[in-house]
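Report on one structure; see the data block that follows.
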Amino acid sequence: MSEIDIEKIRADTPGVGHVNHLLACGSSLMPQQVIDALADHHRLEGQIGGYEAHAARLDSLEGVYDSVARLINASPTEIALVENATVGWAHAFYALEFEPGDRILTCEAEYAANYVAYLQREKRDGIVIDVIPSDEAGAIDLDALRSMTAKSDRVKLISITWIPTNGGLVNPAAEVGAIAKEHGITYLLDACQAAGQTPIDVEALQCDFLSATGRKFLRGPRGTGFLYVRQSHLDAGIEPAIIDHYGADWVATDRYQLRDDARRFETWENSYALRAGLGVAVDYALDVGIEAIQDRAWGLAASLREKISQISGATLFDLGHQKCAIVTFTIEGQDPYELAATLREQKINIGASDPESTLLDSTARKLSPLNRAAPHYFNTEEEIDQLVSSLAAL
Ligand SMILES: Cc1ncc(COP(=O)(O)O)c(C=O)c1O
């Protein structure tokens with residue numbers, strides 16, 4: 001598929017017959033092919049046994065690493081498959097060694113899960129957290145980042161969120177990567193919301209680590225995610241914070257040997273049904289074409305923003321030089337959680353997000369809870385209009 005074949009895509013998506021799902025930033029609707037892959041694997045486990053099903057499907061399960069690698073222009077040996085984006089991210093972050101006084105740079109839109117981990121290592125290891133200011137559009141200020149990296153040789157990590165959980169923002173991840181590279185600073189990129197809505201190329205991004213989830217814009221099953229680890233870190237012997245006998249061989253009674261590949265960040269037991277589903281979801285997205293997906297999803301979001309801006313009492317909160325498929329807003333007099341619940345009764349799925357999920361940004365902008373809606377490429381302009389008329393009728 002080079003152009004989006006919307007009829008086929010909707011025919012592949014049973015959920016569209018039940019709901020107007022505008023929440024890809026939460027958890028998206030899976031294509032039937034993904035649902036089938038999950039069910040097939042579970043069925044096989046029920047028929048012949050869990051270990052036996054794994055052995056029977058080994059080739060296609062190995063292929064999931066190839067699919068994820070293709071998605072982000074990496075090598076399959078640089079991929080670890082994990083339960084969610086946070087697990088992947090934390091594996092990378094907690095593998096990094098810091099001395100007291102080492103500085104890490106992050107962004108104003110940083111996600112809560114990551115920030116609490118910084119705070120823990122501030123408390124435990126004495127690291128210093130510096131927040132890169134945002135520019136006038138709300139994106140990472142690259143000049144400020146340049147001067148922060150030039151000012152101190154204690155900056156050991158740049159760790160940012162590419163596309164935040166709300167706010168429409170797309171941070172300049174590749175430009176940040178170029179600055180990190182220039183100064184030899186390790187670069188950890190949270191691509192949780194980026195995967196499946198925008199092309200990812202770890203070579204262009206120049207990141208050392210990248211984490212993402214399966215269930216959002218990739219349309220995979222819940223409970224899936226992955227971590228990319230650059231080969232040079234594997235070769236240098238990066239030690240995961242936790243290992244088991246899958247991540248490392250117990251080669252002598254007093255010695256273990258880490259695996260050569262990124263699977264040293266995995267553990268022995270996994271849901272192979274979920275992995276099979278993730279692989280099919282990634283292949284499906286690649287088949288549709290990530291650029292085409294971005295064009296359509298961002299186009300629908302732009303249209304939604306425009307239409308929401310016409311509703312009296314509506315306020316939009318999106319930031320950035322370019323805006324992604326996540327639209328955040330409030331409707332005057334409407335509690336965002338109640339509004340989402342009301343719409344759910346009308347079979348329209350949108351979400352609400354707490355200030356705590358991006359506390360730096362929400363404190364700076366004095367944000368209360370917001371509604372978020374995220375159209376994906378399987379949505380239609382009619383579904384956008386249905387949401388807008390429901391909002392207008394409130
Ligand atoms: C920007 C960002 N990073 C990380 C996460 C965490 O992802 P997961 O729930 O898959 O661990 C989220 C989840 O919403 C997110 O929006």
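List, please: which pairs have Cβ atoms under 7 Å, are six or more places apart or on different chains, and start with a residue in segment 218-246 that is over 19 Å from Tyr272 (Cβ atoms) and not assigned by TED's automatic domain parsing to the domain that holds Ala297 and end with one that is surrounded by fewer than 21 Cβ atoms within 10 Å (Cβ to Cβ) and among the charged types (D, E, K, R)?
Hits for this filter: Leu234/Asp260; Leu234/Asp261.
Kindly indicate which of Gly138, Gly126 is away from the ligand (no atom under 16 Å from the Cβ), on the phi > 0 side of the Ramachandran plot, in the same structural domain as Pro199 (by TED's automatic domain parsing) and at pLDDT 95 or above.
Unique residue meeting the criteria: Gly126.
Report, by residue number, each residue of segment 208-257 that is in a loop (DSSP other than H, G, I, E, B) and either within 15 Å of the chain's Cα centre (by Cα) or within 30 Å of Thr13 (Cβ to Cβ) (or both).
If the condition is that a residue be in a loop (DSSP other than H, G, I, E, B) and either within 15 Å of the chain's Cα centre (by Cα) or within 30 Å of Thr13 (Cβ to Cβ) (or both), then Gly214, Arg215, Lys216, Phe217, Leu218, Arg219, Gly220, Pro221, Arg222, Gly223, Thr224 are the ones that fit.
Inside segment 1-118, counting only helices (runs of 4 or more DSSP H) that do not spill past its ends, which hold 2 or more residues that are aromatic (Phe, Trp, Tyr) and touching a residue at least 12 places away in the same chain (Cβ under 8 Å)?
85-95
Would you confirm, using the coordinates I've provided, whether Gly177 is within 16 Å of the ligand (Cβ to nearest atom) and crowded, with 19+ Cβ neighbours inside 10 Å?
So Gly177 fails the test.
Evaluate the following for Leu258: is it at pLDDT 95 or above and more than 16 Å from Gly196 (Cβ to Cβ)?
yes
So is Thr165 assigned to a loop (DSSP other than H, G, I, E, B) and of a type in the set (S, T, N, Q) or not?
Yes, satisfied.
Looking only at segment 313-332, count how many residues are under 18 Å from Ala393 (Cβ atoms) and touching a residue at least 40 places away in the same chain (Cβ under 8 Å).
Looking only at that region, the number is 4.
For segment 346-368, give me each residue that is in a loop (DSSP other than H, G, I, E, B) and either within 15 Å of the ligand (Cβ to nearest atom) or not assigned by TED's automatic domain parsing to the domain that holds Gly15 (or both).
Ile350, Asp354
Quick grid of which residues meet (1) over 25 Å from the mean Cα position of the chain (by Cα); (2) farther than 27 Å from Asn84 by Cβ; (3) among the aromatic types (Phe, Trp, Tyr):
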{"site": "Arg259", "(1), (2), (3)": "yes, no, no"}
{"site": "Arg264", "(1), (2), (3)": "no, no, no"}
{"site": "Ala273", "(1), (2), (3)": "no, no, no"}
{"site": "Asp287", "(1), (2), (3)": "no, no, no"}
{"site": "Ile290", "(1), (2), (3)": "no, no, no"}
{"site": "Trp298", "(1), (2), (3)": "no, no, yes"}
{"site": "Phe317", "(1), (2), (3)": "no, no, yes"}
{"site": "Val327", "(1), (2), (3)": "no, no, no"}
{"site": "Thr330", "(1), (2), (3)": "no, yes, no"}
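Checking the conditions here, which among Ile185, Ile158, Ile140 is β-branched (Val, Ile, Thr) and farther than 30 Å from Gly220 by Cα?
Ile185
Which ones in segment 91-104 are within 16 Å of the ligand (Cβ to nearest atom) and surrounded by 20 or more Cβ atoms within 10 Å (Cβ to Cβ)?
Correct list: His91, Ala92, Phe93.
The values are calculated or read from the model by the stated rules, or taken from the named source; none is laboratory data. What you see is a predicted model, and the numbers here were worked out from it, not measured in a lab. Cβ coordinates were reconstructed from backbone atoms using ideal geometry, including for glycine residues, and neighbour counts include every protein chain displayed.
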